[in-house]
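S.K.: Handing you this structure, nothing more for now.
The values are calculated or read from the model by the stated rules, or taken from the named source; none is laboratory data. Nothing here was measured: the structure is a model prediction, and the numbers come from that model. Here the Cβ positions follow ideal geometry from the backbone for every residue, glycine too, while neighbour counts run over all protein chains shown.
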Amino acid sequence: MAYIFLNAFGIFAIEDGKIIKHKIFDDPEEAARIVIECKESEELNDLEKEFIKDLKEVIFTYPKKGFKFEEKDFSEIVLNFLKGKDINEFLIKFSDFYNIFKSRKEKDRIAIGLITLIEENEKIINSMFERLRNFYSIYYPEFVIKESNEKILNKILENPKREEKSLGIDFSEEEFRICKEYANLIKELIELNKKFEERLEEIIKEIAPNLYEIAGYKLAAKLIKGAGSLEKLAKMASSAIQLLGAEKALFRFLRGKGKPPKHGYIFLHPLVNQAPKKLRGKISRALASQLSKAAKIDYFSRRLEPSLKKQLEERMKEIYEGKGNI
Amino acid sequence: MKVKEIFENVYKIEGNIYTKNLVPGVSVYGEKLLKIDDVEYRFWDPYRSKPSAAIKNGLKNFPLKRGMSILYLGIASGTTASHFSDIIENGIIYGIEISDVPLVKLKNLASQRKNIVPILADARKPNTYSHFIINKVDLVYCDVAQPDEARIFLENINKFGKENCYGMIAIKSRSIDVIKKPKEVYKEVEKYLKENGLKIIERVELDPYQKDHAIIVVKK
């Protein structure tokens, strides 16, 4: 009976405290790739297949499908075996490659980066609109007061001259030019944001199809960002997901002031924000529980599960009809 | 100037704590360098590094020695680790960090010093980095600021620590329980560690350098 033991220096078969077979890794880059492959997948890979081919009975010291697993440490034996090798130098090089390979694997970090960019951009666009309105209202206050941001933007870009008598101060060509240039900048930023959002949508569709189906790409991305990663979101309780983004209110409540929050980011979901105030708590709970299931399926299998949305719709019906008290 | 060695490679100069610089001429995080009689010392800022604050507040049992191997949980960008690296000289530090942003900075440090191994991993899952730690360590230093920090620390010291090895745990009471008083949190952690077979040697609170923090030194 031989134990299969793996570390940065190689893969070893150990029987009765002696190394009976070994394969030493010479190249730290190769070693890092192999170690990650062996430790992260429970399927037997080619190297392991080849290694255990002529061994009769084996016990793995890390989990592998179809084999016995026992947590055992043979570092000392291996260390004695490796005497003479510059261990620290190899380890430092190995860790370099290991960290690189490891950090490349997480695509949800692109989604988090994108949603951060988009949120920041939205803030910037908003405050730029504010400035534009302020400036343009010097010339044409009547129009600015009653119209929306988009209409003002279009008017400035097409024809900034006023069409009625106004209390405003006359602008010269120079001021119109300033207005136009600033408005162009805003328009470009909006288009840029649209591109970011399209890309975010693609990524969320790929990495979290169920969250996308239930919550849409923006809310899904916000939840992933709030949790830290898709993995963390998948391991969260539904009540934690319900309150993601409402930390301030939650801690205020825990300190003994104020009411407990009903919803965090999930308030962005139309099911919550279009519901009557009385039902929002119930709906938030139902939605969060469905989102938590979705995140779990997304992280562990990535397969689309249409029944999730159906269940949610049924529950909504129940809530609105006043059935089911929980 | 009077230089007094208070622990191995740790010096007190005019009331401030310094370590002997392992890589002369290089300042890691903008700290001041001091040259006395051809030996260069690096200022160990108590506001940025918890062990330094503990020494300033009168820590008596500082377990770091030359040649030690250390498992450092939550190494971040290596501010504290650089001083540990000064002290242990030809020993080795295994630095576990969950986030890769500070690890980039740590990579530079590791390439200068040759006694730090940065590892991108979660300290909650010792199995994912057990292949790095080929010999058992003399000291486990834990600074992860998580609610279950004591459990993480215990798991790692049991798995990777030698017999009679030391442990140091830096506790941020606010991240374990916001509502409780810091002293109660420290006592709870001590009780938990004691119940699980560790000997408590010393506890030092770090105010005013680090608010609501403490360092507990233990022995296996």
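S.K.: Checking A:Ala208 against (1) in contact with a Pro (Cβ under 9 Å, 6 or more places away or on another chain); (2) within 22 Å of A:Met316 (Cβ to Cβ); (3) aliphatic (A, V, I, L, M), which test does it fail?
M.R.: Every condition holds for A:Ala208 apart from (1).
S.K.: Is there a residue being over 23 Å from the mean Cα position of the chain (by Cα), exposed (fewer than 11 other Cβ atoms within 10 Å of the Cβ), farther than 28 Å from A:Leu304 by Cα and of a type in the set (A, V, I, L, M) anywhere in segment A:160-174?
M.R.: Let us first name the residues in segment A:160-174 that are over 23 Å from the mean Cα position of the chain (by Cα), namely A:160-174.
Going one step further and asking which of them are exposed (fewer than 11 other Cβ atoms within 10 Å of the Cβ), we end up with A:161, A:163-165, A:167, A:169-170, A:172-174.
Applying the additional criterion that residues be farther than 28 Å from A:Leu304 by Cα yields A:161, A:163-165, A:167, A:169-170, A:172-174.
Next, from what is left, pick out any that are of a type in the set (A, V, I, L, M): A:167, A:169.
Among the residues of segment A:160-174, at least one is over 23 Å from the mean Cα position of the chain (by Cα), exposed (fewer than 11 other Cβ atoms within 10 Å of the Cβ), farther than 28 Å from A:Leu304 by Cα and of a type in the set (A, V, I, L, M), which makes the answer yes.
S.K.: Mind checking whether some residue in segment B:128-142 is modelled with pLDDT under 90, within 11 Å of chain A (Cβ to nearest Cβ), farther than 25 Å from A:Lys83 by Cα and assigned to a helix (DSSP H, G or I)? So that I can check it myself, show each step before the final result.
M.R.: Taking segment B:128-142 first, the residues modelled with pLDDT under 90 are B:128-136.
With within 11 Å of chain A (Cβ to nearest Cβ) added as a condition, the list becomes B:128-136.
From what is left, the residues that are farther than 25 Å from A:Lys83 by Cα are none.
So far as segment B:128-142 goes, no, none of its residues is modelled with pLDDT under 90, within 11 Å of chain A (Cβ to nearest Cβ), farther than 25 Å from A:Lys83 by Cα and assigned to a helix (DSSP H, G or I).
S.K.: Continuing with this model, one more query. Between A:Lys180, A:Lys195, which is at pLDDT 90 or above, in a helix (DSSP H, G or I) and more than 28 Å from A:Asn273 (Cα to Cα)?
M.R.: Of A:Lys180, A:Lys195, the one residue that is at pLDDT 90 or above, in a helix (DSSP H, G or I) and more than 28 Å from A:Asn273 (Cα to Cα) is A:Lys180.
S.K.: Right, something else. For the subset of segment A:97-114 comprising residues that are at pLDDT 85 or above and facing chain B (nearest Cβ under 10 Å), which member is surrounded by the most Cβ atoms within 10 Å (Cβ to Cβ)?
M.R.: Taking segment A:97-114 and keeping what is at pLDDT 85 or above, we get A:97-98, A:108-114.
When the remaining residues are screened for being facing chain B (nearest Cβ under 10 Å), the result is A:98, A:109.
Values: A:Tyr98: 27, A:Arg109: 17.
By that ranking, first place goes to A:Tyr98.
S.K.: Considering each of B:Ile98, B:Ile75 in turn, give the residue that is within 13 Å of chain A (Cβ to nearest Cβ), buried (at least 23 other Cβ atoms within 10 Å of the Cβ) and closer than 26 Å to B:Pro182 by Cβ.
M.R.: Result of the check over B:Ile98, B:Ile75: B:Ile75.
S.K.: Within the group B:Ile157, B:Ile179, which residue is hydrophobic (A, V, I, L, M, F, W, C), modelled with pLDDT of 90 or more and over 23 Å from A:Glu89 (Cα atoms)? Before the answer, list the steps.
M.R.: On the way: B:Ile179 fails: modelled with pLDDT of 90 or more.
Just a single option satisfies the conditions, and that option is B:Ile157.
S.K.: Name every residue in segment B:20-64 that is closer than 20 Å to B:Asp143 by Cα and not in a loop (DSSP other than H, G, I, E, B), in order of residue number.
M.R.: Residues satisfying the conditions are B:Lys50, B:Pro51, B:Ser52, B:Ala53, B:Ala54, B:Ile55, B:Lys56.
Conditions tested, residue by residue: (1) away from chain B (no Cβ under 12 Å); (2) without any contact (Cβ under 8 Å) to a residue 60 or more places away in the chain.
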{"residue": "A:Asn45", "(1), (2)": "yes, yes"}
{"residue": "A:Ile59", "(1), (2)": "yes, yes"}
{"residue": "A:Glu70", "(1), (2)": "yes, no"}
{"residue": "A:Phe81", "(1), (2)": "no, no"}
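S.K.: Something else: Which residue is nearest to the other protein chains (Cβ to nearest Cβ), if the candidates are limited to segment B:101-114 and must be touching a residue at least 40 places away in the same chain (Cβ under 8 Å) and in contact with a helix residue (DSSP H, G or I) (Cβ under 8 Å, 6 or more places away or on another chain)? Full working, then the answer.
M.R.: Residues of segment B:101-114 touching a residue at least 40 places away in the same chain (Cβ under 8 Å): B:109, B:112-113.
Subset that is in contact with a helix residue (DSSP H, G or I) (Cβ under 8 Å, 6 or more places away or on another chain): B:109, B:113.
Details: B:Leu109: 11, B:Arg113: 9 Å.
Among them, the one singled out is B:Arg113.
S.K.: For segment B:79-116, how many residues meet the condition of being in a helix (DSSP H, G or I), of a type outside the set (Gly, Ala, Ser) and either over 16 Å from B:Val140 (Cβ atoms) or touching a His at 6+ places or on another chain (Cβ under 7 Å) (or both)? Please lay out each step first, then the result.
M.R.: Taking segment B:79-116 as the starting set, the residues that turn out to be in a helix (DSSP H, G or I) are B:79-88, B:100-113.
Remaining after also requiring of a type outside the set (Gly, Ala, Ser): B:79-80, B:83-84, B:86-88, B:100-109, B:112-113.
Add one more test, that the residue is either over 16 Å from B:Val140 (Cβ atoms) or touching a His at 6+ places or on another chain (Cβ under 7 Å) (or both), and what stays is B:79, B:83, B:86, B:100-109, B:112-113.
Qualifying residue count for the region: 15.
S.K.: When segment A:26-66 is examined, which residues are found to be under 33 Å from the mean Cα position of the chain (by Cα) and charged (D, E, K, R)?
M.R.: If the condition is that a residue be under 33 Å from the mean Cα position of the chain (by Cα) and charged (D, E, K, R), then A:Glu29, A:Glu30, A:Arg33, A:Glu37, A:Lys39, A:Glu40, A:Glu42, A:Glu43, A:Asp46, A:Lys64, A:Lys65 are the ones that fit.
S.K.: OK, next. For a quick check of your reading of the model, give me the residue pairs whose first member lies in segment B:2-17 and is of a type outside the set (Asp, Glu), whose second is surrounded by fewer than 10 Cβ atoms within 10 Å (Cβ to Cβ) and not in a loop (DSSP other than H, G, I, E, B), with beta-carbon atoms closer than 8 Å and at least 6 apart or on different chains.
M.R.: B:Tyr11/B:Lys4; B:Lys12/B:Lys4; B:Ile13/B:Lys4
S.K.: Of all the helices (runs of 4 or more DSSP H) wholly in segment A:218-326, which have at least 3 residues that are within 14 Å of chain B (Cβ to nearest Cβ)?
M.R.: On the way: elements: A:230-234, A:238-243, A:247-254, A:270-273, A:280-300, A:307-321.
Answer list for segment A:218-326: A:247-254.
S.K.: Is it true that A:Glu120 is among the acidic types (Asp, Glu), part of a helix (DSSP H, G or I) and not assigned by TED's automatic domain parsing to the domain that holds A:Phe25?
M.R.: Working: among the acidic types (Asp, Glu): yes; part of a helix (DSSP H, G or I): yes; not assigned by TED's automatic domain parsing to the domain that holds A:Phe25: yes.
Criteria met by A:Glu120.
S.K.: So which of B:Val117, B:Val104, B:Val140, B:Val144 is β-branched (Val, Ile, Thr), on the phi < 0 side of the Ramachandran plot and touching a Phe, Trp or Tyr at 6+ places or on another chain (Cβ under 6 Å)? Step through it out loud before you land on a result.
M.R.: Details: B:Val104 fails: touching a Phe, Trp or Tyr at 6+ places or on another chain (Cβ under 6 Å); B:Val140 fails: touching a Phe, Trp or Tyr at 6+ places or on another chain (Cβ under 6 Å); B:Val144 fails: touching a Phe, Trp or Tyr at 6+ places or on another chain (Cβ under 6 Å).
That would be B:Val117, the only listed residue that is β-branched (Val, Ile, Thr), on the phi < 0 side of the Ramachandran plot and touching a Phe, Trp or Tyr at 6+ places or on another chain (Cβ under 6 Å).
S.K.: Here's a check for you: in segment A:83-96, which residue that is more than 31 Å from the chain's Cα centre (by Cα) and of a type in the set (A, V, I, L, M) is nearest to the other protein chains (Cβ to nearest Cβ)? Steps first, please.
M.R.: Here is the first cut: in segment A:83-96, the residues more than 31 Å from the chain's Cα centre (by Cα) are A:83-91.
Checking which are of a type in the set (A, V, I, L, M) leaves us with A:87, A:91.
Numbers: A:Ile87: 7, A:Leu91: 5 Å.
Residue satisfying both the conditions and the ranking: A:Leu91.
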